[in-house]
Amino acid sequence: MAGAIAYISRDTDGMAWRKLFTDALGPLDFRTIAEGLGNPDDIEIALAWKPRPGLLRTFRNLKMIVSLGMGVDHLLADDQLPEGVPITRIMDEGLVGQMSEYAIFWTLWHHRDIAKYAASQRARRWKPEEFVDTLHRPVGVMGLGSIGQDTAVKLAMLGFPTMGWSRTAKALPGVETFHGRDSLPKFLSRCSILVNVLPLTRETRGLLDKKLFAALPKGAFVVNMGRGAQVVDDDLLAALDSGHLAGAALDVFNTEPLPAEHPYWLHPKVHMTPHMAGYTNPRTASPGVIENVKRLRAGQPLINTVDPKSGY
Ligand code: NDP
Ligand code: OXD
């Protein structure tokens, strides 16, 4: 039998993955961290979400690392990552769809003043709010990868003037695109709603800081579903408290779970969710991983690979 597949996640038990793998590939040696991984030398493939730093290095016969999330910062943060072992990630159309839903939900929630209507209902107050034409609510998406592209195209289909920003040039139907640091101020100056879905890299860490918030129009709303470490929390709180920003919907945080004493919890302009914008769905995430297991074992090039140098 080929080497073992190790499932390493503290969030889920791996049983769904074991069944999907067995159904597709037949009997195999699929071990989970919860049941015990056994001899580390047996491990050929590691499916991992936030593995303990140094763990992957103990698998001396490792041939492929698979990120169980679409983000890979949780792997690249390990400074003992085994060298030369290819890193791949799930490409999960189900998760991509959920992420777009999340961005669209908060865009509509802010655009249609739902918080104000909820408060009016509690006060038994019949009060239509001021109407804003969708055409006057430009939305900007930072990051035009698998998630950002889907999000931007769907927002454009809803009628929002939609812009997207990425590192290299992109062309997307109905979306005005910008790329590179030089174009960032122009992009930001037009975003009445900003959706961040960048990967966490050296270049994007701390990018959402006071300078970036100041470059947004007054009254802008921020949705962060990328990574918490892209936001300078004190700068966001200051921009909310000064009235420059109308609000922020945050799914990801510098420390997760967010410590109980953090000001975000009770801030009236912060709307929090516990890193749930996109759940990995084994049904939709596993086909690409199974394809890579077949490719690895047939000596063919892998798909959905990650470039550790660029960080995504
Ligand atoms: P991709 O790798 O497919 O795309 C990344 C995008 O970001 C690309 O468009 C890339 O530009 C752009 N980018 C990267 N660095 C820069 C930079 N320095 N300046 C400008 N643009 C940059 O990522 P995904 O869309 O698959 O995922 C994005 C992130 O979403 C993940 O890394 C993860 O952190 C987060 N995520 C969050 C989840 C949640 O539940 N909250 C769930 C899943 C993911 P270019 O196109 O030029 O390469
Ligand atoms: C992911 C995530 O990267 O859940 O998939 O954040």
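Here Ala34, Ala24 are screened, and the one residue that is in contact with a Ser or Thr (Cβ under 8 Å, 6 or more places away or on another chain) and either of a type outside the set (Ser, Thr, Tyr) or not assigned by TED's automatic domain parsing to the domain that holds Arg227 (or both) is Ala24. When Leu245, Leu212, Leu240, Leu236 are checked against the criterion of being more than 30 Å from Asp13 (Cβ to Cβ), open to solvent by less than 60 Å² (accessible area, probe 1.4 Å), touching a helix residue (DSSP H, G or I) at 6+ places or on another chain (Cβ under 6 Å) and without any contact (Cβ under 8 Å) to a residue 40 or more places away in the chain, a single residue qualifies: Leu245. Within the stretch 47-93, restricting attention to residues that are crowded, with 18+ Cβ neighbours inside 10 Å and polar (S, T, N, Q), the residue that is farthest from ligand 1 (Cβ to nearest atom) is Thr88. Does the stretch 160-169 contain any residue that is surrounded by 14 or more Cβ atoms within 10 Å (Cβ to Cβ) and farther than 17 Å from Ala220 by Cβ? Scanning the stretch 160-169 turns up at least one residue that is surrounded by 14 or more Cβ atoms within 10 Å (Cβ to Cβ) and farther than 17 Å from Ala220 by Cβ.
Could you say whether any residue in the stretch 279-293 is farther than 20 Å from Ser67 by Cα and more than 16 Å from ligand 2 (Cβ to nearest atom)? Looking through the stretch 279-293, none of the residues is farther than 20 Å from Ser67 by Cα and more than 16 Å from ligand 2 (Cβ to nearest atom). Of Val306, Val289, Val252, all but one fail to be assigned by TED's automatic domain parsing to the domain that holds Gly206 and modelled with pLDDT of 95 or more; the exception is Val252.
Among the numbered conditions (1) surrounded by fewer than 24 Cβ atoms within 10 Å (Cβ to Cβ); (2) basic (Lys, Arg); (3) touching a residue at least 60 places away in the same chain (Cβ under 8 Å), the only one that Arg190 does not meet is (3). Candidates Leu258, Leu240, Leu296, Leu236: the one that is in a loop (DSSP other than H, G, I, E, B), more than 13 Å from ligand 2 (Cβ to nearest atom) and among the aliphatic types (A, V, I, L, M) is Leu258.
Here's the yes/no breakdown for (1) within 16 Å of ligand 2 (Cβ to nearest atom); (2) assigned to a helix (DSSP H, G or I):
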| site | (1), (2) |
| --- | --- |
| Leu81 | no, no |
| Gly94 | yes, yes |
| Met99 | yes, yes |
| Ala103 | yes, yes |
| Thr107 | no, yes |
| Tyr117 | no, yes |
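With the requirement that a residue be touching an Asp or Glu at 6+ places or on another chain (Cβ under 8 Å) and either surrounded by 14 or more Cβ atoms within 10 Å (Cβ to Cβ) or more than 16 Å from Ser146 (Cβ to Cβ) (or both), what does the stretch 297-311 give you? Within the stretch 297-311, just Gly311 meets the criteria. Can you find a residue that is more than 27 Å from Leu108 (Cβ to Cβ), small (Gly, Ala, Ser) and surrounded by fewer than 13 Cβ atoms within 10 Å (Cβ to Cβ) anywhere in the stretch 251-266? Yes, the stretch 251-266 contains a residue that is more than 27 Å from Leu108 (Cβ to Cβ), small (Gly, Ala, Ser) and surrounded by fewer than 13 Cβ atoms within 10 Å (Cβ to Cβ).
The residues in the stretch 174-213 that are in contact with a Pro (Cβ under 6 Å, 6 or more places away or on another chain) and either in a helix (DSSP H, G or I) or polar (S, T, N, Q) (or both) can be counted, and the count is 1.
The values are calculated or read from the model by the stated rules, or taken from the named source; none is laboratory data. Nothing here was measured: the structure is a model prediction, and the numbers come from that model. All Cβ positions, even for glycine, are placed from backbone atoms using ideal geometry, and neighbour counts span all protein chains on display. When the accessible area is computed, the model is the full protein with side chains, heavy atoms only, and any ligands, DNA or RNA have been set aside. Shrake-Rupley method; radii C 1.70, N 1.55, O 1.52, S 1.80 Å.
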